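Here the structure comes first, spelled out in structure tokens, and everything after it is commentary.
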């Protein structure tokens with residue numbers, strides 16, 4: 001017999017975790033929309049952003065209202081540097097070449113983090129109050145609840161930006177085809193640079209929500225892998241669709257972890273989202289909300 005209160009706790013908290021995955025997945029999607037690059041280093045950008053926040057708050061002692069915006073600016077600059085050094089000269093090259101660069105970037109960023117900050121586990125600053133929100137018998141972590149609101153606002157804002165603004169429509173054109181965009185007078189390099197800066201900022205925002213009051217080291221990059229099923233399930237072009245995909249993945253993962261793992265004695269919950277992802281992609285390779293493409297063969 002399933003206890004309804006426990007069920008609601010698992011469902012609600014799982015859904016909130018899924019929205020955190022959705023925020024990280026937006027970084028994948030923003031970069032992919034502009035450059036057609038699947039960024040394998042997205043998890044490392046989360047860790048880098050986390051260390052920047054840690055350094056700003058703990059090491060320099062700046063108040064949060066100053067430290068957090070500065071961390072966002074530093075992250076955006078880091079994203080621009082990545083694009084300038086590694087991707088500005090690859091415009092028009094094959095997607096495979098760019099993906100291989102992101103794999104090298106993953107190793108490079110992880111090495112830089114270990115070199116600059118070391119392998120030690122650091123206490124991440126408490127950004128959000130640790131006291132949970134209590135609604136009857138339901139306990140909701142305050143950081144996840146606030147993070148869910150932020151994720152929905154950011155997701156809707158980005159969706160509006162890409163569909164209704166001149167800059168967003170230019171980035172959409174770049175996502176369709178670099179050569180066609182160049183022929184229309186659109187600066188492909190500028191669009192890709194903006195996408196990398198925005199992707200780095202989203203990763204830092206995800207780190208703030210994910211790590212608030214927890215511990216920080218380079219292993220926190222695993223959340224990038226956890227967010228991957230959400231990005232693939234939604235389709236790599238849909239910003240609004242990633243919110244629904246996050247809710248689905250998070251809710252299923254929470255329920256499977258609660259009810260299946262104790263029976264089987266294994267971490268089924270951690271792999272089940274990938275099973276859902278594979279099933280959906282088998283039925284619809286572009287994901288639930290991805291763009292359909294027609295190619296001549």
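The values are calculated or read from the model by the stated rules, or taken from the named source; none is laboratory data. Model, not experiment: these values are computed from the prediction. Note: ideal-geometry Cβ built from the backbone for every residue, glycine included; neighbour counts use all protein chains shown.
Taken as a whole, region 110-132 holds at least one residue that is under 19 Å from residue 38 (Cα atoms) and in contact with a helix residue (DSSP H, G or I) (Cβ under 8 Å, 6 or more places away or on another chain).
Scanning region 56-78 for residues being surrounded by 14 or more Cβ atoms within 10 Å (Cβ to Cβ) and in contact with a helix residue (DSSP H, G or I) (Cβ under 8 Å, 6 or more places away or on another chain) gives a total of 13. Taking the condition under 28 Å from residue 284 (Cβ atoms), modelled with pLDDT of 90 or more, touching a helix residue (DSSP H, G or I) at 6+ places or on another chain (Cβ under 6 Å) and in a helix (DSSP H, G or I), does residue 168 pass? When the stated conditions are applied, residue 168 does not pass them. Scanning region 179-196 for residues being touching a helix residue (DSSP H, G or I) at 6+ places or on another chain (Cβ under 6 Å), within 30 Å of residue 221 (Cα to Cα) and either surrounded by fewer than 21 Cβ atoms within 10 Å (Cβ to Cβ) or at pLDDT below 75 (or both) gives a total of 2.
Filtered by the rule that a residue be touching a residue at least 60 places away in the same chain (Cβ under 8 Å) and in a helix (DSSP H, G or I), region 230-249 gives 230, 231, 234, 239, 240, 242, 243, 245, 246, 247, 248, 249. Test residue 228 against the criterion of being at pLDDT 85 or above, within 26 Å of residue 77 (Cα to Cα), over 12 Å from the mean Cα position of the chain (by Cα) and surrounded by fewer than 23 Cβ atoms within 10 Å (Cβ to Cβ), and give yes or no. In short, no. Across region 120-139, the number of residues qualifying as more than 19 Å from residue 218 (Cα to Cα) and in a loop (DSSP other than H, G, I, E, B) comes to 8. The helices (runs of 4 or more DSSP H) found wholly in region 26-118 and carrying at least 3 residues that are free of Cβ contacts under 8 Å to residues at least 40 places away in the same chain and within 26 Å of residue 215 (Cβ to Cβ) occupy 64-82, 95-117.
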